[in-house]
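To start, the structure under review is shown below, and the notes come after it.
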């Protein structure tokens, strides 16, 4: 019986025309033993529509063509199904492609889909209703995302404007954390919940992150200093850093001193005071480059 690959295309991701990408996919499909089908997002009820498409088609694998948002849409529909998920980076934010070492070149990314291996990845569940695959946080970075969206400006200038605004009004806050039964009281600028090691910008958040270890990292920014933050961008993060501590666990309850900015994998949510995080081990089958044999 012929196998089926469903390509999920975000036509507006990254502001780039996807016709050249789909042309390469069609050429690749002629030499593949898979039937190919393409499905496009519209921005209207995409989750329910994609789920219905997958339920009817029952593909062997799904491939997201877009950025982190498109990948997350597919991940949400495929968690706990056993259907594998590949990625062709084509968005404005491709942090997960970088984390998973998926090539930006379309033909090379297709080789990964064809010859790669399966990573049984974890996901994180926030407050019982929101799901993350990459990095989420409360505080400084989430506030930057909020400022960026509220400014109405896009690109580097818009992001820089948000950074300047936030640094001027930089505020530390208090949190109470219960992680796997252990309690912590922290005065900090940010608490990040990481299933991976790097932000989409390439900034290194921690050395410990593995997407298939059944754990997540709680990264607490205790001290804000430009030298320490800059070190993350240059892979010079000190594992014994004074400004950042990293904890690991499976389940967390957090309570902040008041509602704070909160984002999940780049999606800004309502300000919140309480966060519950639980790992969902090995619930998503990601197609990643095969490990090279030495």
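Computed values, structure above
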item	result
Hits in the range 1-35 (condition: loosely packed, with under 14 Cβ neighbours inside 10 Å and either assigned to a loop (DSSP other than H, G, I, E, B) or modelled with pLDDT of 80 or more (or both))	1, 2, 3, 17, 23, 26, 27, 31, 33
Extreme residue, surrounded by the fewest Cβ atoms within 10 Å (Cβ to Cβ), among residues of the range 242-278 that are touching a residue at least 40 places away in the same chain (Cβ under 8 Å) and either assigned to a loop (DSSP other than H, G, I, E, B) or not assigned by TED's automatic domain parsing to the domain that holds residue 176 (or both)	250
Filter result (surrounded by fewer than 24 Cβ atoms within 10 Å (Cβ to Cβ) and within 21 Å of residue 31 (Cα to Cα)) within the range 86-103	103
Flag for residue 196 being assigned to a helix (DSSP H, G or I), at pLDDT 75 or above and either out of contact with any strand residue (DSSP E or B) (no Cβ under 6 Å at 6 or more places or on another chain) or surrounded by 14 or more Cβ atoms within 10 Å (Cβ to Cβ) (or both)	no
Residue match in the range 81-96 (condition: farther than 20 Å from residue 132 by Cα, out of contact with any helix residue (DSSP H, G or I) (no Cβ under 8 Å at 6 or more places or on another chain) and at pLDDT 95 or above)	no
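The values are calculated or read from the model by the stated rules, or taken from the named source; none is laboratory data. In this text, all values refer to a predicted model and were calculated from it rather than measured experimentally. We place every Cβ from the backbone using ideal geometry, glycine too, and count neighbours over all the protein chains shown.
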